[in-house]
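Engineer: Next up is a structure, given as structure tokens.
Each value in this text was obtained by applying a stated rule to the coordinates, not by laboratory testing. Here the structure is a predicted model, which means the values were calculated and not measured. Cβ: placed from backbone, ideal geometry, glycine included. Neighbour counts: every protein chain shown.
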């Protein structure tokens, strides 16, 4: 064999060895958790988030969705994200104020008029300024997502006015802002992590609970609750939160992919909330719930006046007024 031929073979072998020694493109698998059932509005948003991350990074990042409290309750998952042992959580704001006090204001009863108002506030300057507060508390908030307007369910009686709620032992989120407001209705608030709620209702540990229609549907509360009253007493935002451990490792290009994926997730979640709001009440009636559609909203608003005096001291009357003034 001629020397040129040997050189060519040697070059080919060297090239093959170098190719074989080059590692395959690294893939990072991330975990996102939430407390609601598969197929719920949270789940729709989490799945969309993961799909867009996979697509936007050409598979370099993938994420797995862990629904139905598989990674714990909301507070536990937020703690895990803060510690860096979990990558993402999609959570209601209920327990988040325990970590980022500045956002407690969004949980004030009757702060938001309707969905359009709430979304404009959170997508606008006020909401974006609040998201910027997270990093100083060891968390990165990617976007405001949505839970919905909260309504009351119970097994004792229909609730038409605030007086009807008096004396009911009602499960609430671990949220002092909610609890202070609910006490003005005469409710006995019983804070409880979400994974415990169905069993507590089933066993009669509490008389009722309060949640948006999408949550009541996804959690099958119609199986353990007789009465639903459309009180709409609190708008409940949600948040898509990640760990600084994850965020700080991303390139600027990947940060944009993740931020865009978060926006797409929010859009998908809100669409599911809209669909559940449009169709869910009739579905819950089919499942046996007795629904009070027209409640005496003025009685609930009047009842919260003492709590509002305290909210003004805690959050600032001007901040509350600024949110209410958004058109």
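Engineer: Divide the volume of the convex hull of the Cα atoms of the range 174-327 by its number of residues and quote the answer in cubic angstrom per residue.
Structural biologist: 170 Å³
Engineer: Any chance you could give the angle, 0 to 90 degrees and rounded to 10, that helix 305-315 forms with the longest Cα principal axis of the chain?
Structural biologist: 30 degrees
Engineer: When the convex hull of the Cα atoms of the range 35-125 is projected onto a plane and the area is averaged over all directions, what value comes out in nm²?
Structural biologist: Mean projected area for the range 35-125: 7.3 nm², to one decimal.
Engineer: Now for a separate question. Quick one: compute the contact order of the range 26-325, relative version, from alpha carbon pairs under 8 angstrom and 6+ residues apart, as a percent.
Structural biologist: Relative contact order for the range 26-325 comes out at 27 percent.
Engineer: Moving on to the next point. For every helix of n ≥ 4 consecutive DSSP H residues, a contribution of -39,500 (n - 2.57) applies; sum these over the chain, divide by its total residues, and give [θ] at 222 nm rounded to the nearest 500 deg cm²/dmol.
Structural biologist: For the chain, the value works out to -14000 deg cm²/dmol.
Engineer: Convex hull over the Cα atoms of the chain, averaged projected area in nm²?
Structural biologist: 20.8 nm²
Engineer: In addition: GNM on the chain, C-alpha springs below 10 Å: top fluctuator among 78, 241, 126?
Structural biologist: Maximum fluctuation in the GNM of the chain, among the listed residues, is at 126.
Engineer: Most fluctuating residue of 236, 145, 136 in a GNM of the chain with Cα springs under 10 Å: which is it?
Structural biologist: The residue with the greatest mean-square fluctuation here is 136.
Engineer: Between residue 188 and residue 256, with labels modelled 7 Å along Cα→Cβ, what's the label distance in nm to one decimal, could you check?
Structural biologist: For the pair residue 188/residue 256, the computed spacing is 5.7 nm.
Engineer: Okay, moving on. Of 150, 171, 293, which is the most mobile in a GNM of the chain whose springs link Cα atoms less than 10 angstrom apart?
Structural biologist: Evaluated over the chain, the most mobile residue of the options is 293.
Engineer: Let me ask something else. Please compute the modelled spin-label separation between residue 83 and residue 282, points set 7 Å along Cα→Cβ, answer in nm with one decimal.
Structural biologist: My value for the distance between the label points is 4.7 nm.
Engineer: Please report how far the C-alpha centroid of the range 168-197 lies from that of the range 62-135, rounded to the nearest whole angstrom.
Structural biologist: 18 Å
Engineer: Could you tell me whether the range 67-165 comes out rounded, prolate or oblate from its Cα gyration tensor? Rule is a ≥ b ≥ c as square roots of the eigenvalues, rounded for a/c under 1.5, then prolate if a/b exceeds b/c, otherwise oblate.
Structural biologist: Because a/c hits 1.5 or more and a/b fails to exceed b/c, the range 67-165 counts as oblate.
Engineer: For the range 152-250, state what percent of all Cα-Cα pairs lands in each successive 10 Å bin, counting from 0 Å until the bin that includes the largest distance.
Structural biologist: 15, 47, 24, 9, 5, 1
Engineer: Oh, and also: Provide the gained length on full extension for the span residue 128 to residue 114, in nm with one decimal, where the gain is 0.36 nm per separating residue minus the Cα-Cα distance.
Structural biologist: 3.1 nm
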